[in-house]
Amino acid sequence: MEFAGKVAVVTGGAQGIGRCIREEFEKQGAAVCVIDRQANPYFVGDLAVKADMERFAEKVVAQYGHVDYLINNAAPLMKGITECTYEEFEYVQRVGVTAAFYLAKLFLPHFAPGAAIVNISSSRDRMSQPETESYTAAKGGIAALTHALAASLAGRVRVNSISPGWIDTAYRVYEGPDATQQPAGRVGNPLDIANMVLFLCSGRAGFITGENICIDGGMTRLMIYHGDHGWEYHP
């Protein structure tokens with residue numbers, strides 16, 4: 001019960017990685033406040049809507065009086081330059097970057113001593129596939145926002161980010177090339193991310209701030225050239 005009596009805010013906590021983070025905090029005794037567009041036990045709202053974030057923050061503060069941990073996890077839409085409209089791209093940035101900034105601002109007067117923010121970025125903050133501009137831009141933005149907030153909140157709140165690689169939220173076990181292309185030999189699952197979130201929020205991570213930790217089974221570290229490992233490039 002490491003987090004007994006603590007208050008954790010988790011965005012996008014209704015499913016996937018966010019739900020796993022919420023459940024792991026709850027197992028350790030924390031009270032968890034979720035905001036998500038999908039049905040959840042705490043607050044249904046849109047992170048792209050300023051008024052929704054303000055109502056959510058007001059509810060958290062009124063109920064608990066403080067916040068120990070803010071986990072900006074909500075996943076934005078992935079669309080590429082061919083099909084993504086101006087309005088969609090702007091919406092994605094509001095969900096993926098602006099919301100993380102604004103929630104940190106709203107909770108700033110209420111962060112408890114030893115507080116921590118963990119932003120969920122993506123390994124796409126450093127690598128891309130075609131037609132992923134909206135999502136990739138948001139993930140790169142939140143990774144950069146992380147070290148800016150760490151500098152601004154120095155001495156008050158530690159701020160770090162995590163960049164997940166391939167995470168299967170259904171906990172499917174992969175075999176063959178899908179698994180072996182990754183140095184760790186498998187595809188990740190939400191617990192791989194949740195475990196790091198809880199570590200970064202704990203006192204054991206008290207000397208870590210402004211950092212981005214990539215959890216991808218080593219996938220972004222494996223250099224592959226045409227002809228390597230039986231792989232061939234056919235543009």
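The values are calculated or read from the model by the stated rules, or taken from the named source; none is laboratory data. What you see is a predicted model, and the numbers here were worked out from it, not measured in a lab. Positions of Cβ are generated from backbone atoms using ideal geometry, with glycine treated the same way; all protein chains shown enter the neighbour counts.
At-a-glance table
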| quantity | calculated |
| --- | --- |
| Qualifying position, being under 28 Å from residue 131 (Cβ atoms), among the aromatic types (Phe, Trp, Tyr) and out of contact with any Asp or Glu (no Cβ under 6 Å at 6 or more places or on another chain), among 107, 25, 89, 56 | 89 |
| Residue match in the stretch 136-156 (condition: aliphatic (A, V, I, L, M) and at pLDDT below 95) | no |
| Scan of the stretch 157-208 for residues that are part of a strand (DSSP E or B), among the aliphatic types (A, V, I, L, M) and over 21 Å from residue 75 (Cβ atoms), ordered by number | 157 |
| Qualifying residue in the stretch 148-158 (condition: of a type in the set (A, V, I, L, M, F, W, C), touching a residue at least 24 places away in the same chain (Cβ under 8 Å) and surrounded by 21 or more Cβ atoms within 10 Å (Cβ to Cβ)) | yes |
| Matching residues in the stretch 1-22 - criterion: being outside any helix (DSSP H, G or I) and either within 12 Å of residue 119 (Cα to Cα) or touching a helix residue (DSSP H, G or I) at 6+ places or on another chain (Cβ under 9 Å) (or both) | 1, 2, 3, 6, 7, 8, 9, 10, 11, 12, 13, 14 |
| Residue in the stretch 171-193 that is nearest to residue 231 (Cα to Cα), counting only those that are of a type in the set (A, V, I, L, M, F, W, C) and in contact with a Gly (Cβ under 9 Å, 6 or more places away or on another chain) | 179 |
| Any hit, the stretch 47-70, residues being over 19 Å from the mean Cα position of the chain (by Cα), aliphatic (A, V, I, L, M) and buried (at least 16 other Cβ atoms within 10 Å of the Cβ) | yes |
| Qualifying residue in the stretch 122-133 (condition: hydroxyl-bearing (Ser, Thr, Tyr), out of contact with any Cys (no Cβ under 7 Å at 6 or more places or on another chain) and surrounded by fewer than 21 Cβ atoms within 10 Å (Cβ to Cβ)) | yes |
| Counted residues, the stretch 209-235 - those being at pLDDT 80 or above, assigned to a helix (DSSP H, G or I) and either charged (D, E, K, R) or farther than 21 Å from residue 191 by Cβ (or both) | 2 |
| Residue in the stretch 104-126 that is over 14 Å from the mean Cα position of the chain (by Cα), assigned to a loop (DSSP other than H, G, I, E, B), farther than 27 Å from residue 24 by Cβ and not hydroxyl-bearing (Ser, Thr, Tyr) present | no |
| Qualifying residues in the stretch 1-15 (those that are surrounded by 17 or more Cβ atoms within 10 Å (Cβ to Cβ) and within 15 Å of the chain's Cα centre (by Cα)) - the one farthest from residue 202 (Cα to Cα) | 14 |
| Which listed residue, of 82, 98, is assigned to a loop (DSSP other than H, G, I, E, B) and either under 22 Å from residue 7 (Cα atoms) or of a type in the set (Val, Ile, Thr) (or both) | 82 |
